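The values are calculated or read from the model by the stated rules, or taken from the named source; none is laboratory data. Values in this document were obtained by computation on a predicted structure and should not be read as measured data. Glycine gets a Cβ as well: all are built from the backbone with ideal geometry, and neighbour counts include every protein chain shown.
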Amino acid sequence: MKELIRNFTQAYGPAGHETQVCEVIRQAVAGYCDRTSTDALGNLIAFRAGTGEAGGGKRHRVMLAGHMDEIGVVVTHIDEHGFLRFTNVGGVSPHVLLGQRVEFGNGRVGSIGTERVDEIKDLKHDKMFIDVGAKSRSEAEEWVSVGDVATYQRGLVEMGTRLSSKAMDDRIGCVIIAETLRRLKSCPHDVYAVFTTQEEVGLRGARVSAYGIDPTFGIAFDVTGMNDTPNLKNILNMKLGGGASIKAKDASVVVPPKVRDLMVRTARENDIPYQLEVLPSGGTDTGAILLTRAGVPAGCISVPTRYIHTPVETIETSDVEACVQLATKLLEGPLEL
């Protein structure tokens, strides 16, 4: 999966501008589904028809969701010296941005600088700028326009069995779905693998795609926080290397116990390492799927990740493998709730 992770994370695709990453993912999954399509919000939907043999159980319309958008910054003004002012697209910390390189969709690269601030706590987006090397407004406007969006420029690095890159959130969820489709030999259910847009700005892609698909069961795949770096307060259960994180709750959803228990039972029966996840803040596409139409039984399988919403998001490859195994085993079964 390593090359898949590299290809997905390095593709450009901030929220609302997912066309490039969408094409990378489409090429990766096209051979493992019956058809692909995109909807009005740019969600990529890979459909795979089920065999209809669910061991006497219900044949479900299963929606798998992983968001392909990433956080970024959008240009709001270009001054007379060619410096770009910006605001955030999603959860971008000014303290993390300072001194970073960012890349626009056309390949133009800029460095993040700041006006003088007396204290670091005073550092805000409106004090910062992007330097693209322009000497004037007219020169900058040849390369970049107001409304253009940039993302972190940071490659994939191997650190033993761990990988670090920008955009693990949530390209790693997209990798899990793609690899699950590749490994899935027989599935009784109709599978709609949705690589969603605009999750980072409000779960928008998942909301509209779930409405259109009208699934009877849903699984989202995303990253989650962890509790294994120095001086944390032991408020979280998740750690790198602990296996697939099966969500019980976050700020956007309380996972129905019957869904959570099905995931736990499947993991245990197949000796798949897992850990239970309760996340005090944040949310995933699960929250949008759960509230679709009259409601959908939905859960979430997450990858514990260090340094979320930075250019060095770090994961353990064995956790990714556990997530793929769990997703595959769930789809092979009857999904009895």
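Looking at 284, 317 in this structure, which one is surrounded by 23 or more Cβ atoms within 10 Å (Cβ to Cβ) and among the polar types (S, T, N, Q)?
Working: 317 fails: surrounded by 23 or more Cβ atoms within 10 Å (Cβ to Cβ).
Answer to the check: 284.
Pick out the one residue from 81, 17, 77 that is out of contact with any Ser or Thr (no Cβ under 8 Å at 6 or more places or on another chain) and not assigned by TED's automatic domain parsing to the domain that holds residue 200. So that I can check it myself, show each step before the final result.
Working: 81 fails: out of contact with any Ser or Thr (no Cβ under 8 Å at 6 or more places or on another chain); 17 fails: not assigned by TED's automatic domain parsing to the domain that holds residue 200.
Result: 77 is the single residue among 81, 17, 77 that is out of contact with any Ser or Thr (no Cβ under 8 Å at 6 or more places or on another chain) and not assigned by TED's automatic domain parsing to the domain that holds residue 200.
Testing residue 182 on (1) buried (at least 20 other Cβ atoms within 10 Å of the Cβ); (2) part of a helix (DSSP H, G or I), one condition comes back false. Which one is that?
Evaluating residue 182 over (1) buried (at least 20 other Cβ atoms within 10 Å of the Cβ); (2) part of a helix (DSSP H, G or I) leaves (1) as the failure.
If residue 262 satisfies every condition in (1) surrounded by fewer than 19 Cβ atoms within 10 Å (Cβ to Cβ); (2) more than 21 Å from the chain's Cα centre (by Cα) but one, which is the exception?
(1)
For region 1-56, name all the residues that are within 14 Å of residue 190 (Cα to Cα) and charged (D, E, K, R).
First, the residues of region 1-56 that are within 14 Å of residue 190 (Cα to Cα): 32-36, 45-54.
The answer is 34, 35, 48, 53.
Could you say whether any residue in region 33-45 is in a strand (DSSP E or B) and of a type in the set (A, V, I, L, M, F, W, C)?
Looking only at region 33-45, we keep the residues that are in a strand (DSSP E or B), and these are 35-38, 44-45.
Still in the running and of a type in the set (A, V, I, L, M, F, W, C): 44-45.
The answer is yes; a qualifying residue exists.
Conditions (1) at pLDDT below 95; (2) assigned by TED's automatic domain parsing to the domain that holds residue 23; (3) in contact with an Asp or Glu (Cβ under 6 Å, 6 or more places away or on another chain), marked per residue:
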| site | (1), (2), (3) |
| --- | --- |
| 185 | yes, yes, no |
| 200 | no, yes, yes |
| 206 | no, yes, yes |
| 211 | no, yes, no |
| 216 | no, yes, no |
| 220 | no, yes, yes |
| 224 | no, yes, yes |
| 235 | yes, yes, no |
| 245 | no, yes, yes |
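Determine if region 25-32 includes at least one residue that is farther than 21 Å from residue 326 by Cα, assigned by TED's automatic domain parsing to the domain that holds residue 217 and in contact with a Ser or Thr (Cβ under 7 Å, 6 or more places away or on another chain).
There is at least one residue in region 25-32 that is farther than 21 Å from residue 326 by Cα, assigned by TED's automatic domain parsing to the domain that holds residue 217 and in contact with a Ser or Thr (Cβ under 7 Å, 6 or more places away or on another chain).
Working only within region 250-286, note down all residues that are charged (D, E, K, R) and part of a helix (DSSP H, G or I). Explain how you work it out, then say what you get.
The first filter runs over region 250-286 and keeps only residues charged (D, E, K, R), leaving 250, 258, 260-261, 265, 268-269, 271, 277, 285.
Once the filter is applied, which keeps residues that are charged (D, E, K, R) and part of a helix (DSSP H, G or I), region 250-286 yields 258, 260, 261, 265, 268, 269.
Take residue 30 and decide whether it is under 19 Å from residue 197 (Cα atoms) and surrounded by fewer than 14 Cβ atoms within 10 Å (Cβ to Cβ).
Details: under 19 Å from residue 197 (Cα atoms): yes; surrounded by fewer than 14 Cβ atoms within 10 Å (Cβ to Cβ): yes.
Taking the combined requirement at face value, the residue satisfies it.
Of the conditions (1) exposed (fewer than 13 other Cβ atoms within 10 Å of the Cβ); (2) on the phi > 0 side of the Ramachandran plot, residue 90 satisfies every one except a single condition; which number is it?
Going through the list (1) exposed (fewer than 13 other Cβ atoms within 10 Å of the Cβ); (2) on the phi > 0 side of the Ramachandran plot, residue 90 breaks only (1).
If you take the residues in region 1-18 that are in contact with a strand residue (DSSP E or B) (Cβ under 9 Å, 6 or more places away or on another chain) and not in a loop (DSSP other than H, G, I, E, B), which one is farthest from residue 320 (Cα to Cα)?
Going through the qualifying residues, I end up with 14.
Out of 45, 78, 5, I need the residue that is crowded, with 17+ Cβ neighbours inside 10 Å and under 23 Å from residue 204 (Cβ atoms). Which one?
Sole residue among the options that is crowded, with 17+ Cβ neighbours inside 10 Å and under 23 Å from residue 204 (Cβ atoms): 45.
Tell me which residues, restricted to region 78-111, are farther than 19 Å from residue 18 by Cα, polar (S, T, N, Q) and out of contact with any Pro (no Cβ under 7 Å at 6 or more places or on another chain). Steps first, answer last, please.
In the first step, residues of region 78-111 are kept if they are farther than 19 Å from residue 18 by Cα; the result is 78-86, 93-101, 110-111.
Right, trim to polar (S, T, N, Q) and you get 93, 100, 111.
Result: 93, 111.
Collect the residues in region 157-179 that are farther than 20 Å from residue 36 by Cβ and crowded, with 20+ Cβ neighbours inside 10 Å, keeping them in residue-number order.
Within region 157-179, 163, 164, 165, 166, 167, 168, 169, 172 meet the criteria.
Report, by residue number, each residue of region 290-317 that is of a type in the set (Gly, Ala, Ser) and either outside the structural domain of residue 248 (by TED's automatic domain parsing) or assigned to a strand (DSSP E or B) (or both).
We begin by selecting, within region 290-317, every residue of a type in the set (Gly, Ala, Ser); these are 294-295, 298-299, 302.
Hits for region 290-317 are 298, 299, 302.
Between a first residue in region 318-337 that is outside any helix (DSSP H, G or I) and a second residue that is among the charged types (D, E, K, R), which pairs have beta carbons less than 6 Å apart while being 6 or more apart in sequence or on different chains?
337/258
Give the residues of region 287-312 that are closer than 18 Å to residue 337 by Cβ and surrounded by fewer than 16 Cβ atoms within 10 Å (Cβ to Cβ), sorted by residue number. Let's see the steps before the verdict.
Of all residues in region 287-312, those closer than 18 Å to residue 337 by Cβ come to 289-301.
Scanning region 287-312 gives 293, 294, 295.
Determine which single condition residue 251 fails, assuming it passes every other condition in (1) surrounded by 17 or more Cβ atoms within 10 Å (Cβ to Cβ); (2) at negative phi.
(1)
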